[in-house]
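This report concerns only the one structure given below.
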Amino acid sequence: MVGKIVGTGSYVPDNVLTNEDLSKMVDTNDEWILERTGIKTRYITEDDTTSSMAIKSAVKAMDDSKVDPMDIDMIIVATLTPDVLVPSVSCYVQAHIGARNAQCMDINSACTGFLMAYQIVQSYIQCGTVRNALVIGSENLSAITDFTDRSNCIIFGDGAGACVISATEGRVISIMHTDGERGKVLEAESRTPKDWMEREKKKLTYIRMDGQEVFKFATKEVPNVINEVLEKAKVNIEEIDYFILHQANKRIIDFIVKRLKIDADKVPTNIERFGNTSAASIPLLIDEMNRAGKFKDAQKLVIAGFGGGLSWGASYIEI
Ligand code: UT7
């Protein structure tokens, strides 16, 4: 058995931050941001937290799936911005939706987090321990973004996306890589809201990123891992209906399209509106695609993620 996405949901806060708004905060402009990243707007939390956004996206996904909350066996939330260390965000979600039979955990694999959570759920389903799972990516990145650093603050946004996944017949083949030796390329030390408030006092840092190194890493490793997973699945790249990629930067996506020589129409994007929402970006995109009626039976899909760790991976899906 493998896991099929049977329901999706997403949530972003109401508060829109435009490139124009950012140009009043740091020395930047709409033209530079659009050309270098493809981003026009991003959503920033005011009253929301990682948990509240996770819950709002989960409620919509559960509603879409029609799965009874009592039949959910596992909830995994991928996030690098949990509200508190314990309990995990997944426990808040469980309590809210009444999924009392679910085992719950959070994982942190930065922007690769949702894909890693998806692959974990596939493993549990394949070994028969889980029949229905809820996988969520939720991020409150604005809480750890330095809005005086123009090379960083233009990229990130907040939001959450959720998928209900149920056991069925099909093929899912996955690959995941991590390279801890390159971890310094993307770092964030503060973890809890209390830390965030006391950040200056404790000399804790915001997200620090060597943008060019991340760029080089992504444009090399993502095409490689997509080729690797397709080789493992014994499927030609032309057969793929959609490539669902982490929305880090439109230029990275354009590079990947070019390097793989694939049709750009098969690589949907929404980074223009949401920015880079880390672990939330892939489920936000999946929800949009689902609601636009893009998914049909017997399609061949690839999901690819990459980010801090460094970590990167891909799943081939045929259900
Ligand atoms: O999910 C994974 C997370 N991260 C990523 O995906 C990020 C990947 N990297 C990137 O997206 C890009 O590296 C950035 C968008 C972050 C930066 O773009 P870049 O083309 O690598 O710019 P750069 O850092 O090389 O800077 C080029 C110039 C510099 O000026 P000088 O030294 O050439 O005069 C920067 O100071 O652009 C300047 N600059 C800006 N100018 C206007 C940097 N940020 C800005 C800005 N507005 N916001």
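The values are calculated or read from the model by the stated rules, or taken from the named source; none is laboratory data. These numbers were taken from a predicted model, which means no experiment stands behind them. Glycine also receives a Cβ, built like all others from the backbone with ideal geometry; neighbour counts cover every protein chain displayed. Side chains are part of the model used for accessible areas, which takes the heavy atoms of the whole protein and leaves out ligands, DNA and RNA. Shrake-Rupley method; radii C 1.70, N 1.55, O 1.52, S 1.80 Å.
Residues whose amide H falls under 5 Å from that of His177, counting only those 5 or more places apart or on a different chain, are Trp312, Gly313, with hydrogens built in the peptide plane. Considering the chain at the alpha-carbon level, its Rg and Dmax are found to be 18.4, 55 Å. For region 10-91, trypsin sites (Lys or Arg not before Pro) meeting the loop criterion (DSSP other than H, G, I, E, B) and having at most 13 other Cβ atoms within 10 Å: Lys24, Lys66.
Applying the Kirkwood pairwise sum to the alpha-carbon positions of region 2-170 produces a hydrodynamic radius of 16.6 angstrom. Computed with a 1.4 Å probe over protein heavy atoms only, the accessible surface of the chain comes to 43 Å² per residue.
Given their separation in residues at 0.36 nm each and the Cα-Cα distance between them, Asp241 and Asn15 gain 78.0 nm when the chain is fully extended. The slack between Val84 and Asp71, meaning 0.36 nm per residue of separation minus the straight C-alpha distance, is 2.0 nm. Model label sites at Glu35 and Lys234, defined 7 Å from Cα along the beta-carbon direction, differ in position by 4.9 nm. If R0 equals 35 Å, the separation of the Cβ atoms of Lys258 and Glu46 corresponds to a calculated FRET efficiency of about 0.35. Take the alpha carbon gyration tensor of region 77-119, find the square roots of its eigenvalues, order them as a ≥ b ≥ c, and report rounded if a/c is under 1.5; if not, report prolate when a/b exceeds b/c, else oblate. It is oblate, given that a/c is not under 1.5 and a/b is not larger than b/c. Between their Cα atoms, which of Lys216/Lys261; Lys234/Lys261; Lys40/Lys300; Lys4/Lys300 are more than 24 Å away from each other? Distance filter (> 24 Å) returns Lys40/Lys300. Here region 11-47 is scanned for amide nitrogen atoms under 17 Å from the site 7 Å beyond the Cα of Glu272 along Cα-to-Cβ, giving 17-20, 30-43. Expressed as a rounded percentage, what relative contact order does region 2-170 have, with Cα pairs under 8 Å and six or more residues apart? That works out to 35 percent. Taking 7 Å steps out from each Cα toward its Cβ at Asp27 and Cys127 produces label points 5.5 nm apart. Loop-located trypsin sites (Lys or Arg not before Pro) in region 254-309 (DSSP state other than H, G, I, E, B) with a sparse environment of at most 16 neighbouring Cβ atoms within 10 Å: Lys261, Lys294, Lys296. Based on alpha-carbon centroids, what's the gap between region 212-280 and region 294-319 in Å, whole number please? Value for the Cα centre distance between the two parts: 9 Å. Sites counted here are GluC sites (Glu not before Pro) in a DSSP loop (not H, G, I, E or B) having no more than 13 other Cβ atoms within 10 Å; the longest part of the chain that contains none of them is 47-168.
A simple rule links phi to the HN-Hα coupling: the Karplus curve 6.51 cos²θ - 1.76 cosθ + 1.60 with θ = phi - 60°, which for region 225-236 gives 6, 5, 4, 5, 6, 6, 5, 4, 7, 6, 10, 6 Hz, with x for Gly and Pro. Working from label points 7 Å from Cα in the Cα-to-Cβ sense, the Ala95 to Lys184 distance is 4.1 nm.
For the chain, with all protein chains in place and a probe radius of 1.4 Å, 49% of the accessible heavy-atom surface sits on carbon or sulfur.
Using a probe of 1.4 Å on the protein chains alone, the accessible area found for Asp263 is around 80 Å².
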